[in-house]
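This report concerns only the one structure given below.
Just so you know, all these numbers are worked out from the coordinates, no wet-lab data involved. If you're wondering where the values come from, they're calculated on a predicted model, not measured in any experiment. Using ideal geometry, Cβ is built from the backbone for each residue, glycine included, and neighbour counts are taken over all protein chains shown.
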Amino acid sequence: MNYREAAQEIYDCIGPAENIAAPYNCMTRLRFNVKEAKFTKEDLLAIDGVKGVNLSGTEWQIVLGPGKAAKVTAELKAILQEHKPGGGLSDLAEAARAGDGTALHDAIRRKNSSSWQEGLRKIARIFVPIIPAFIACGLITGILNTVGKIDPSLTTAAWFRLAAVAGNAAFYGLNLFVGINASEEFGGTPVIGGVLAAFMSHPALSSIMLFDEALTPGRGGIIAVILLCFFAAALEKRLHRFIPDMFDLFLTPLLTVIISAVVAIVICQPVGGFLSAAVGTAATTSVKQGGALTGFILGGTFLPLVLLGIHQGLTPIHADLLTRYGVTVLLPILAMAGAGQVGAALAVYVKTKNKRLRKTIASALPVGIMGIGEPLIYGVTLPLGRPFIGACLGGACGGAVQAAFGIGAATLGISGLPLAAATTNIPVYIAGLAAAYGIGFAATYIIGFTDPAPEEAAS
């Protein structure tokens, strides 16, 4: 695939540059907004390398696949720079495959598209740039935990302790990262968001008494940071409008920091602390008390959340659980949804007589096993209909296993087999994966599907 040519074809289709908000990508999708859509989904699907296209609200998403999305996005940004300076950020959402899958996805989108979905996507955009750090640090922590159990004597070695510090670095600086990204997302100055997050996390707060009570550094965690950055950005924008230009450069940031610092201590930290504790307690209690039933429900319903484009809104919950408890009990459960896709796709591969569909499955299965399920969702199970149900059943059963044993993960941003190294019990996690694969396969094999004609198969 020639990434420059693909980017150029996309630009030619959706341009000119003034019509496009600067593109953004995650692992598999290119995302953007346009002022006026003079193109159709079919126009984008005709471009070489495009696996799927979806419109969520005002946002367009193009499925390109892992690795390809980032490279095409970079080339598209370069093309935009050649035609105009600057640009804004695009949104995060999901993409759907052409055919029956697209029709189903569009129906869901029309029924559920709303401002609250956009709000969740806005929150998700705060965390997506941090996910690579979560992945790296979480895997380091997971590997060290495994090594420490095999040989406890290694835990005192200098290299082990240094690696442990590296594994904790993302979470140590999490509030600062969130503060910078949140402030930018809400329209404020990123560094001011970072300063305010650092203020709320500063160790010196513990030595200060207020209302006969010592302040708590980091109280409220990322929730408090997000609340504060939302307030600070709104305040900063209002100050820009009212403060004369000659004083704006120094007076606006000064007042923003001073006023926001007061709000942080008096409002955001107490409210954030309450919400953080409530979210953490609700998540852990529901899994602990609900056990397998909770896991079954969560694992079976996660794929519909993906289709709604709101699954990334769960990222702050994972992050908060990681900060509070060191693990998230939700991620291993939700990861089973992708495993169910693998099992369902394998059943389709066994039963179908369509060579093009078998080729599609063979190419998508490796990345599906590695935790990237979009090619299987939009290229196989969703267009075929009933296999998607089989995949959900597989995810539900796998989720039940994870919840029954209380499996936690020390990272986020990864799924599938790679997540095993970062879980609290690798054998049980793998057993849950096997259950999701097996039930997804069996359910899909039993309920069957309509084998497409060669010309209808996903390509």
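Determine the shape class of the chain: with a ≥ b ≥ c the square roots of the Cα gyration tensor eigenvalues, call it rounded for a/c under 1.5, and otherwise prolate if a/b is greater than b/c, oblate otherwise. Show your work: numbers first, answer last.
Values: a/c = 2.04, a/b = 1.23, b/c = 1.66.
Here the chain falls in the oblate category.
Compute the distance from the alpha-carbon center of segment 200-243 to that of segment 339-404, in whole Å.
Result: 45 Å between the Cα centres.
Of all the C-alpha pairs in segment 198-292, what % are more than 21 Å from each other?
Details: 2058 of 4465 pairs.
In whole percent, the share of Cα-Cα pairs in segment 198-292 beyond 21 Å is 46.
Greater than 23 Å separation of Cα atoms is the criterion. Which listed pairs, Lys35/Lys77; Lys41/Lys355; Lys35/Lys68; Lys51/Lys355; Lys122/Lys237, meet it?
Long pairs (Cα-Cα over 23 Å): Lys41/Lys355; Lys35/Lys68.
Just from its helices, what would the mean residue ellipticity at 222 nm be for the chain, if runs of 4 or more DSSP H residues each count -39500 (n - 2.57) and the sum is divided by every residue, rounded to the nearest 500 deg cm²/dmol? Show your work: numbers first, answer last.
Numbers: 17 runs with 288 residues, N = 459.
After summing the helix terms and dividing by the residues of the chain, the value is -21000 deg cm²/dmol.
Positive end of the dipole of the chain, charges at C-beta (+1 Lys, Arg; -1 Asp, Glu), about the Cα centre: which of Thr141, Met209, Ala182 has its Cα farthest in that direction?
Thr141
Can you order the peptides 199-211, 179-191, 229-241 by their average number of other Cβ atoms within 10 Å per residue, highest first? Write down the numbers at each step before the final one.
Details: 199-211: 13.4, 179-191: 21.2, 229-241: 18.2.
Answer by packing, highest mean first, reads 179-191, 229-241, 199-211.
Beta carbons within 10 angstrom, averaged per residue: use that to sort the peptides 334-344, 42-52, highest first. Display every interim value, and only then the final one.
Values: 334-344: 32.2, 42-52: 18.2.
Descending mean neighbour count gives 334-344, 42-52.
What dipole magnitude, in Debye to the nearest 20, does the chain give about its Cα centre under +1 on Lys/Arg Cβ and -1 on Asp/Glu Cβ?
Working: 33 positive and 29 negative charges, 180 e Å.
Using only the charged Cβ atoms, the result is roughly 860 debye.
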